[in-house]
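One structure, pasted below without further comment.
Bear in mind these aren't lab numbers, they're just calculated from the coordinates by the rules spelled out. The model shown is predicted, which means the values in this text are computed figures rather than measured ones. In this analysis, Cβ positions are derived from the backbone assuming ideal geometry, glycine residues included, and neighbour counts consider all displayed protein chains.
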Amino acid sequence: MDEREGDVRWDGLCSRDAAARAAALEHLGQAVLRRGGAAAAPRVLARLLLLAKRCPFRDVREKSEAILSGVQELGIRIPRPLGHGPSRFIPEKETIQVGNEDAMMHTLFTESFATLGRLDNVTLVMVFHPQYLESFLKTQHYLLQMDGPLPLHYRHYIGIMAAARHQCSYLVNLHVNDFLHVGGDPKWLNGLENAPQKLQNLGELNKMLAHRPWLITKEHIEQLLKTEENSWSLAELIHAVVLLTHYHSLASFTFGCGISPEIDCEGGHTFRPPSVSNYCICDMTNGYHGVDDIHASPTTTESVCEVEALMEKMKQLQECRDEEEASQEEMATRFEREKRESMFVCSSEDEESAPTRDVSRHFEDTSYGYKDFSRHGMHVPTFRAQDYSWEDHGYSLVNRLYPDVGQLLDEKFHIAYNLTYNTMAMHKDVDTSMLRRAIWNYIHCMFGIRYDDYDYGEINQLLDRSFKVYIKTVVCTPEKTTKRMYDSFWRQFEHSEKGQTTLSPLPLLTTPSAPQVHVNLLLVEARMQAELLYALRAITRYMT
């Protein structure tokens, strides 16, 4: 967070040392309340509200609340949060409340707050799966803040460029603040044309990676590396590619989980008093906030039947694997059929949506978006994972040019792919690897990536159409994701019995939303790896 706003200073609040925080809080309170609250600007009050609700340090929460009360006693209106928790899709009662987390979660929260200066809504949703969150935070911290080829302000500006391609104002707003905090030139934020030519040159790669990565060639890489005074080094380009793919996929998670605006950002708070016209005041005192808390669920009988039907399919497919193996020709045919069929899986909300000026100014060619690669007679050769894979090729290239990042990404990919609690609804000791592999490989199939040893006939057996619609929307056009889509996929996991997990003490895993978040983590990492494979293959071809 910015260290100073007029007389108000925020530095020291992120310290792990309680004495340092106490001194910072004392100074903060005096600065805000002196001269009749003259320093209590709306932006300052919104920041205080965020600290009162989202800081993992109890002393900071309580003092921020006290300062707001003091401002209110001076006759100044104070803000209140809008929305109901970190996600528009997940009921607030199912998410962790800051201050009620266990020791492991508290460690993750304080680490995030100390390094980023905030505990954001993405973190509060990802904490459904703490092992993954730990890896994610470590990777993101390295990309944004540790030593690397790119200067800090470039890193945040690239994050803005990437998030803007998917109209993700949530991420754009966060990184605009971070960009300014590390000394970025405010003029760059008036539009991409005001940024250095070197960053403008990255725009073409950004749009292809986000929407049509299969079109990237070594010629695109050569243009970036050989543009005389505005050229990129190989190490800088690897850093930029990892950042672009990270924020494209994080936009998918943001939309896929319905992440709400941060409390201190536009849309996260209001200075208007609450209206009680729509519901009884007793509902407010009982924690009911309106119709958004009502979640229609299928009956328990329907849920049980759907889960058991899916488990039976998995059992049958395993038996078929054991009895006979399809020929390579048949496997290739099934891949091409699934790739072709994925073209016809589209969102019912598939109308074009124009990006807002606030977001679109950060990128060029606003009409450029996702297109199925085989439509209109355009043919792109299948990308065979056996010829270029993350494990055998991409990992070593990234690690060589940007040390340690290959290892961090590899760990994150593996955690997301292998994450399991061996449960399905009320059933324990279930091997879900077949289902997880079907989801991962379906996403790569949509990008034209084929694994020779996988039978793509399994995908249609395990993933129904509504699930495929959700996957394709979140991965390819995440800005079109709706709550109705989120609620409609995997209806059988909407009941809390699914969370009868043996992992203790993680109470969040007993909530109905944990599996949906888990699926979104799979989508995020499969998408990121697919984008990386196309970009890294092009870089490898340029180098050879």
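Taking amide H positions as placed 1.01 Å from N in the peptide plane, with prolines and chain starts having none, which residues 5 or more places from ARG9, or on another chain, fall under 5 Å of its amide H?
Result for ARG9 returns nothing.
Right, here's the next one. Mind jotting down the distance between the C-alpha centroids of the stretch 187-234 and the stretch 145-174, whole Å?
A separation of 14 Å, based on Cα centres.
Quick one: 3J(HN,Hα) in Hz for the stretch 40-52, Karplus 6.51/-1.76/1.60 with θ = phi - 60°, rounded, Gly and Pro as x.
Whole-Hz 3J(HN,Hα) from phi for the stretch 40-52: 7, 5, x, 5, 5, 5, 5, 5, 5, 4, 4, 5, 5.
Just to check I understand the Karplus step: with θ = phi - 60° and J = 6.51 cos²θ - 1.76 cosθ + 1.60, what whole-Hz values come out for the stretch 77-83, glycine and proline as x?
6, 10, x, 9, x, 9, x
Which residues' amide hydrogens lie under 5 Å from the amide hydrogen of ARG384, considering only partners 5 or more residues apart or on another chain, with H built in the peptide plane?
Hits under the 5 Å cutoff: ARG450.
Suppose we look only past 17 Å in the calculated P(r) of the stretch 1-80. What percent of the Cα-Cα pairs does that tail hold?
Of all Cα-Cα pairs in the stretch 1-80, 37 percent lie more than 17 Å apart.
Just need the relative contact order of the stretch 54-154 here, percent rounded to a whole number, with Cα pairs under 8 Å and 6+ apart.
27
Still on this structure, please answer the following. Along the Cα→Cβ direction, 7 angstrom out, place labels at GLU341 and SER233. What is the inter-label distance in nm?
4.9
I've got another one for you. Determine, from the Cβ-Cβ distance of ASP387 and GLU73 and an R0 of 56 Å, the FRET efficiency 1/(1 + (r/R0)^6), rounded to the nearest 0.05.
It comes to 0.20.
So how much slack lies between GLU65 and SER466, counting 0.36 nm per residue of separation and subtracting their Cα-Cα distance, in nm?
139.9 nm
Taking 7 Å along the Cα-to-C-beta vector as the label spot, tell me the ALA41-ASN418 distance in nanometres, rounded to one decimal.
Those two pseudo-labels are separated by 5.0 nm.
Also: Across the stretch 56-73, in residue order, what do the Karplus-derived ³J(HN,Hα) couplings come to in whole Hz, using 6.51 cos²θ - 1.76 cosθ + 1.60 with θ = phi - 60° and x for Gly and Pro?
Going residue by residue, I get x, 8, 4, 4, 5, 4, 5, 5, 5, 4, 5, 5, 4, 4, x, 5, 5, 5 Hz, with x marking Gly and Pro.
From the residues VAL32, LEU45, TRP10, which one has its Cα farthest along the dipole of the stretch 1-80 in the positive direction, the dipole being from +1 and -1 charges on Cβ of Lys/Arg and Asp/Glu about the Cα centre?
LEU45
Under the rule of at least 5 residues apart or a separate chain, name every residue whose amide H is placed under 5 Å from the amide H of LEU82.
Under 5 Å from the amide H of LEU82: HIS269, THR270.
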